[in-house]
Structure formats: structure tokens, C-alpha cells
Protein chains: 2
Amino acid sequence: MMAYPVWVDGKENGCLDPADRGLAYGDGLFETLRVEAGRVVFLDLHLARLQAGARALDIPLDSHLLLQELLRFLTNCPATCIAKIIVTRGSGGRGYLYSADLSPSIILSAHPLSAYPESFQAEGIDAVLCTSRLALQPRLAGHKHLNRLEQVLLRQELAGTSADEGLVCDMQGRVVEGVFNNVFMVRLGELLTPRIEAAGIRGVFREAVIQESAAAGAPVREDELYPDDFLAADEVFFCNSVNGVWPVKSLAGRHWAPGTVTRYWQDYWRKQLG
Amino acid sequence: MMAYPVWVDGKENGCLDPADRGLAYGDGLFETLRVEAGRVVFLDLHLARLQAGARALDIPLDSHLLLQELLRFLTNCPATCIAKIIVTRGSGGRGYLYSADLSPSIILSAHPLSAYPESFQAEGIDAVLCTSRLALQPRLAGHKHLNRLEQVLLRQELAGTSADEGLVCDMQGRVVEGVFNNVFMVRLGELLTPRIEAAGIRGVFREAVIQESAAAGAPVREDELYPDDFLAADEVFFCNSVNGVWPVKSLAGRHWAPGTVTRYWQDYWRKQLG
């Protein structure tokens, strides 16, 4: 039995061409999916983001084909798992220039759910303010591309602390996101999250919260936010589409109990899991 | 006969693990070497840069082992070729966090020399000022890491022009480098090149020019330089360790004939080829 399979271009245990541009330049994109009882949570939003990234990078991704291959892949995976999609521009050449006729590579892999303590959801997490900062690059911001050295550095910085997540700023000191989550705050009943314009990843759960809130007539305010705004907030939470919503219970000496807005989005998250 | 071999971790036609962090996050480094009559040009400088990058990324690279494998690899390559080294942090995990016990992956590949017109060296090239800009990230600047989406975008921008190279600025409008070269200018007999502190790659030929000039008592000035400085220069040239020195004969309406300083460094380059 193949518990957690890996497919490269449709082939089980396939081999990645060492000339793939995904390796050479990080020339590609990825998505990390929560699969629950055989169903991908937020599938449409993941595919939409992947498609937007492919457009931005000029990668001729056939979404329909990808979806078919993903569904076929999932029938070979544990019903509840994490599935990762990597799409690269494909293989070829030695220089930065790509030719338009390259065929994208698709790497699918399944993984066990991450083993975070139950208390992360129930009571919340301890957060720090990271010192490493994100560079400003509007051409790439928002997309979940494969150039992730900044996140590798940040994750390592976080591992050197006793905190569970970190608030990450851009080079101008504005909060962008967490190390592996997006971040929201509540101020006087209003839900706010940093704009993702020059740095950061437009997370799928972040997008779901924005769409749901807009539909409910109480839109999220995407704003320029600084660490002090978070310290002065009534509630702060991290979230992503794989692990759900983590209330922040401490940040730089400030303490919170999980608030009602945070609990609301935790309920929303649980409903999506089905 | 294997004209241009590819080795993955010492194995000919080896397979790259799809879980390699080089693919997942661009978590690694590369070097592109000019091999001339079986000898690597600027070998020491390439290895020093690779080692510096590995230190910056905390990748436990064994330089001695790498060198031995490279030399063994080259005995299987055409005597004159381009050899590429990719070093990644290795394989493992699904998240950004790495464990210290990962073993780096080494991918070696050989390629034919690039076929640029002889006129690029003899008469010079046409250059443009690129509109895409480089993000500022001092933690990564200088190193030849695998996060190269900015260069992919820039190379594509250049392909849409009739120019052969482009002057690339950072987000603050300072010139950093070319799309696939470093850049120098001459002003009143003095040789200048942009500082590589927050963006760009510390090229091996750039480093050779800096070291040679210092040894000769006429140090290169690494300075904050803007496009107007280049337009006002007496000479401008691009260079890298693989293709040598290309005089700029035109840039944004300004025209030059190759100058004596440019010719000097072209001679220097030819001597290195042996």
C-alpha cells in the first residue's frame, strides 16, 4: 500500500528532470491543500490562486487537466491528508530565458496532517515579532511561487524562539502576514488584515474570509497595518487553509483570550471541513 | 558517448527527489562555470562564492567533497563547455522548517558554450534600461541562490526588446547589474561598479576585476550609481565569468566605441581562458 504517494507528471514515484526550471530558478508555483474525507477544502479558491499565479508568471497551465489529474491522484491518497501541488514552467535550457513551448511539470504529493497541539485552536498561540523582513516586489506579491527563501529564513528565526508563529513585516515595517499563515485583527468590531500588494502570499483562507465577510455585508478592511496596530487590537488570529484559525494569546507582552470574532471564524473553518 | 552529462548526487542521469527543497523553495545555490581545455576558469572564486552562500543559508556544504566530485565529473565532459553546479539543502519535510541533519543535494550538468555573435566582444552590444526592478533583501543579496524569478521576468522583458542586455535597477532606482551580467563604467579613468548590498549577484568576474584592480593599486570604486551616471560615463561594459566582457555601444540614445579600459579587461579575460 502506498500511504502517501508522490506523482511526477502523472507517474507514481516519477523522477524530476534535474533540468526543471522549478529547481533551477524556483520558476513555478505551489498549493497546499487540506483533504478531508476525500474532499479538498476550498478547492475552487486554490485553483483560482494557482491560475492567477500561472497567468502572472506566463506559465501555460491547463487547469482542467490539472484538476483531473489531482482528482485521480486523490483516489490513491488517504481520505484525510495534506496534498501538495507543484506546477513548474517545465524543463529546458540553461539560461533565464524560457521558450513559450515548454510544457509545465506537475508534481503531486500527499502528506500526513501536521501534528499541532489541540491547544493552538482552543486556547491560542504565543506569537513574536520577527526581525527578518520581506522584500517589496509587487510583480510577485500575492502569488504562491517557489521563491521562498525568505520564508525559510523566517521559519528558522521562529524556531529559535519559544513562539508558535511570528508577525512578519516588510522592509518598510508594515505587517504582512505570519511565517506560514495570514493574520487578521479585530478593532472595535471591525475585521482587518494587511494589504498584500508588494509582499506576502494571498492565502486561500484569507480570501475565503474576505469573500464571506463581503457577502455578509461586513467587508474586511485590507489596510496598512503596523505591529502597534496589532498590539492595540481587541483580537488577533493567524489562519491558513490547512490548519484553520489560531487565536493569538500573547504577542510582545500583550495578552488576549480568544474573542468572539476569532471563534466565529473557527466555527466557519470547522464547517468547511464538513 | 555522453556528450553533456548530468549527475545527481554522483549518479549519471540520476533522479532528483521531487521532495528536494531546491524545488520546493529554491532552497539552494548555483554556479555556472566556464570550462576551457579541461580547466575551470576562476575555479577558486566560484567555490568561494558557493561557500559564502552556503554559510549565509546555513547549508552544511562540504567544499572539499564537492570539488572532488566536480573534478571527477569534468573528466566526463567535453574539454570546453559550461558546467553548472546546483547545491540544495537536500530533501525532506513539507514545511519551511529544515532540520540540521539534511544532506545537501549536488546536481552537476554540462552544456555547450552559448553562441553569442563575435561582434558582442569586438564591437559591443546594445543595451536598454529595464523597467522591472529588483527587490531589496540584504539577507540574500550577493549570493547566487535559486530564487531567481526576478531574473526570469527581466530576461523575458529583455527578449521583448531588440537589445542584447539591460541595465537593471533596484526598487530605489539605483543600478545593480545586468540581466545576466554585472556592469562596470569608467569615469575620468576610474573604474566603478554598483555596490551589491541589498540586491543583485556578486559575480565572479566582477570579483576578479575588483581583486585585480586592488592588487594593481587602482581599486574599483563600488558606489551608489544611477542610470544617469552610466549615460554620462566614458565607457560601460557588462561582464560575467562565462562570456567575458561585452562593451556597451549604445544605451538609451547614447553611443560609445569600446574604450581602452574595456579592452584591458577583455585582454585580462582572454588570458584567464589560457
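The values are calculated or read from the model by the stated rules, or taken from the named source; none is laboratory data. None of the values given here were measured: they were computed from a predicted structure. Reconstructed Cβ throughout: ideal geometry from the backbone, glycine too, with neighbour counts over all protein chains shown. Calculation scope for accessible area: heavy atoms of the full protein, side chains included, ligands and nucleic acids excluded. Shrake-Rupley method; radii C 1.70, N 1.55, O 1.52, S 1.80 Å.
Over all pairs of different C-alpha atoms in chain B, the reciprocal of the mean inverse distance, the Kirkwood hydrodynamic radius, equals 19.5 Å.
Note on the protein assembly as shown: Rg/Rh from Cα positions, Kirkwood definition for Rh, rounded to two decimals, is 0.99. By accessible area, using a 1.4 Å probe on protein heavy atoms only, the stretch B:31-77 has 55% of its surface on carbon and sulfur.
When cysteine pairs in chain A are screened for C-beta atoms closer than 4.7 angstrom, the residues that find no partner are A:Cys77, A:Cys81, A:Cys130, A:Cys169, A:Cys239.
Comparing each chain alone with all protein chains together (probe 1.4 Å, DNA, RNA and ligands left out), the residues of the stretch A:118-149 losing at least 40 Å² of accessible area are A:Gln137, A:Arg139, A:Leu140, A:Leu146, A:Asn147, A:Leu149.
With coordinates expressed along the principal axes, the C-alpha atoms belonging to the stretch B:134-274 extend over 35, 33, 29 Å, beginning with the largest.
Measuring max minus min along each principal axis, the C-alpha atoms of the stretch B:79-213 give extents of 52, 41, 36 Å (largest first).
Over all projection directions, the Cα-based convex hull of the stretch B:17-123 averages an area of 8.1 nm².
Average accessible surface for the stretch B:99-175: 39 Å² per residue, computed with a 1.4 Å probe over protein heavy atoms with every protein chain in place. Just so you know, the Rg over Rh for the stretch A:187-252 is 0.94, from Cα atoms, with Rh as the Kirkwood radius.
Remark on A:Glu177: its backbone amide H falls under 5 Å from those of A:Val168, a criterion applied only to residues 5 or more positions apart or on other chains, H modelled at 1.01 Å from N. Label point of B:Gln172 set 7 angstrom out along Cα-Cβ; within the stretch B:198-212, amide nitrogens under 16 Å from it belong to B:198-200. Beyond 19 Å, the tail of the calculated P(r) for the stretch B:56-111 holds 38 percent of the Cα pairs.
If R0 equals 60 Å, the separation of the Cβ atoms of A:Leu71 and B:Asp44 corresponds to a calculated FRET efficiency of about 0.70.
Taking all protein chains together and rolling a 1.4 Å probe, B:Ser162 ends up with roughly 110 Å² accessible.
The string of couplings for the stretch B:69-80 from the Karplus curve (6.51, -1.76, 1.60, θ = phi - 60°) is 5, 4, 5, 5, 4, 5, 5, 9, 10, x, 4, 10 Hz, one whole number per residue in order, with x for Gly and Pro.
Kirkwood analysis of the stretch A:222-264, using all unique Cα-Cα pairs, places the hydrodynamic radius at 11.2 Å.
Computed on the Cα trace of the stretch A:30-88, the radius of gyration divided by the Kirkwood hydrodynamic radius gives Rg/Rh = 0.97. Along chain A, the longest continuous region that contains none of the GluC sites (Glu not before Pro) in a DSSP loop with at most 12 other C-beta atoms within 10 Å is A:1-117. Along the stretch B:34-39 the Karplus relation, 6.51 cos²θ - 1.76 cosθ + 1.60 evaluated at θ = phi - 60°, assigns HN-Hα couplings of 8, 10, 10, 6, x, 10 Hz to successive residues, with x for each Gly and Pro.
Put a plus charge on the Cβ of each Lys and Arg, a minus charge on the Cβ of each Asp and Glu, and nothing anywhere else: the dipole of the stretch B:178-274 about its Cα centre is then about 360 debye. Over the stretch A:93-169, with every protein chain in place, what whole percent of the accessible area is carbon and sulfur at 1.4 Å, could you tell me? The computed percentage sits at 52. Backbone amide hydrogens, once placed in the peptide plane, bring A:Cys15 within less than 5 Å of nothing, excluding anything fewer than 5 places away on its chain.
Report, in whole Å, the centroid distance computed from the Cα atoms of the stretch B:32-108 and the stretch A:191-266. The distance from the Cα centre of the stretch B:32-108 to that of the stretch A:191-266 comes to 42 Å. Take the Cβ atoms of B:Leu188 and A:Ala37, set R0 to 51 Å, and the FRET efficiency comes out at 0.10. Peptide A:12-23 shows a mean partner chain C-beta count of 6 within 10 Å per residue C-beta.
Take the accessible area of chain A alone and of chain B alone, subtract that of the pair, and you get about 4500 Å² summed over both chains, using a 1.4 Å probe.
Available extension along the chain between A:Arg270 and A:Gln51 is 76.2 nm, counting 0.36 nm per residue and deducting the alpha carbon span.
Taking the DSSP beta bridges with both ends in the protein assembly as shown, the antiparallel portion is around 80 percent.
With one equal scatterer per alpha carbon and no solvent term, the Debye-computed log10 I(q)/I(0) for the stretch A:151-204 at 0.13 1/Å reads -0.34. Of the residues making up the stretch A:76-102, those losing 20 Å² or more of accessible area when the isolated chain is joined by the remaining protein chains, with a 1.4 Å probe, are A:Lys84, A:Ile86, A:Arg94, A:Tyr96, A:Leu97, A:Tyr98. For the stretch B:120-161, the convex hull spanned by the alpha carbon atoms encloses 110 Å³ per residue.
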